[in-house]
1. Please state which one of 138, 124, 106 is touching a residue at least 40 places away in the same chain (Cβ under 8 Å) and surrounded by fewer than 16 Cβ atoms within 10 Å (Cβ to Cβ).
2. Filter the range 43-69 down to the residues that are within 14 Å of residue 132 (Cβ to Cβ), among the charged types (D, E, K, R) and part of a helix (DSSP H, G or I) and list them by number.
3. Return the total of residues in the range 141-166 being assigned to a loop (DSSP other than H, G, I, E, B) and under 15 Å from residue 75 (Cα atoms).
4. Just a yes or no: is a residue in the range 15-32 out of contact with any Cys (no Cβ under 9 Å at 6 or more places or on another chain), at pLDDT below 95, surrounded by 13 or more Cβ atoms within 10 Å (Cβ to Cβ) and assigned to a helix (DSSP H, G or I)?
5. Provide a single number: the residues in the range 99-132 that are closer than 17 Å to residue 52 by Cα and not in a helix (DSSP H, G or I).
6. Among the listed residues 53, 58, 76, identify the single one that is among the small types (Gly, Ala, Ser) and within 17 Å of the chain's Cα centre (by Cα).
7. Which is modelled with pLDDT under 95 and either surrounded by fewer than 14 Cβ atoms within 10 Å (Cβ to Cβ) or farther than 26 Å from residue 23 by Cα (or both), of 133, 89?
8. Taking the condition of being out of contact with any Phe, Trp or Tyr (no Cβ under 8 Å at 6 or more places or on another chain) and touching a residue at least 24 places away in the same chain (Cβ under 8 Å), how many residues in the range 109-121 meet it?
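The values are calculated or read from the model by the stated rules, or taken from the named source; none is laboratory data. Note that the structure is predicted; figures quoted are calculated from it, not measured. Note: ideal-geometry Cβ built from the backbone for every residue, glycine included; neighbour counts use all protein chains shown.
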Amino acid sequence: MDERHPRCSHRCHPFLAPNQLEFKIAEDKWSVKDCMYHIAASEKMLWGMLEGAMKGPANPEKKSEVKMTDEQVVSAVEDRSQKFKAVEPLQPQNTGYKSLDEAVADFKSSRAQHIEYIKTTTEDLRGHFVQMPFGWIDCYQLTLMIAAHSNRHTQQMNEVKIHPDFPAPEQ
């Protein structure tokens with residue numbers, strides 16, 4: 001996680017018109033706005049998992065259950081050839097955001113706090129673990145996963161914007 005990731009929100013807003021933010025490649029695909037709602041909500045949910053794990057005692061014996069390297073975690077999350085269905089609370093329509101501005105502001109605030117924590121923590125992120133659908137990871141890997149997840153959906157936003165049917169901005 002680094003300072004360049006908070007700017008993902010600038011790749012979709014305020015430079016796109018409302019019709020562009022709402023454009024979907026297909027009815028069952030997400031718009032740029034949908035992606036931003038999902039990114040913002042996911043950032044908070046995944047960080048909540050990290051906070052929950054860090055509240056407990058370190059559990060170094062779990063290390064043997066971690067089967068993926070840091071690079072594999074990032075690569076697996078960023079790989080857009082694998083499609084996943086987001087859990088219901090992280091579906092864009094279920095995030096509770098009322099506007100794109102609200103989602104962007106929430107994301108920026110959360111990401112700034114997370115970067116500050118990562119830069120300053122002395123806690124043992126490698127000694128605390130969370131179970132993900134693909135297996136156990138340590139909390140350091142979870143921070144990498146959070147950053148990779150927002151990058152995954154930034155890629156998705158870019159796919160929407162380069163689609164041949166992407167509309168010109170309406171006046």
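1. Residue meeting the stated conditions: 124.
2. Those that are within 14 Å of residue 132 (Cβ to Cβ), among the charged types (D, E, K, R) and part of a helix (DSSP H, G or I): 62, 65.
3. First pass over the range 141-166, keeping only residues assigned to a loop (DSSP other than H, G, I, E, B): 162-166.
Within this subset, residues satisfying the condition of being under 15 Å from residue 75 (Cα atoms) are none.
Within the range 141-166, residues that are assigned to a loop (DSSP other than H, G, I, E, B) and under 15 Å from residue 75 (Cα atoms) number 0.
4. No, every residue in the range 15-32 fails to be out of contact with any Cys (no Cβ under 9 Å at 6 or more places or on another chain), at pLDDT below 95, surrounded by 13 or more Cβ atoms within 10 Å (Cβ to Cβ) and assigned to a helix (DSSP H, G or I).
5. Of the residues in the range 99-132, 9 are closer than 17 Å to residue 52 by Cα and not in a helix (DSSP H, G or I).
6. Just one listed residue meets the conditions, 76.
7. Details: 89 fails: modelled with pLDDT under 95.
The unique qualifying residue is 133.
8. Number of matching residues: 4.
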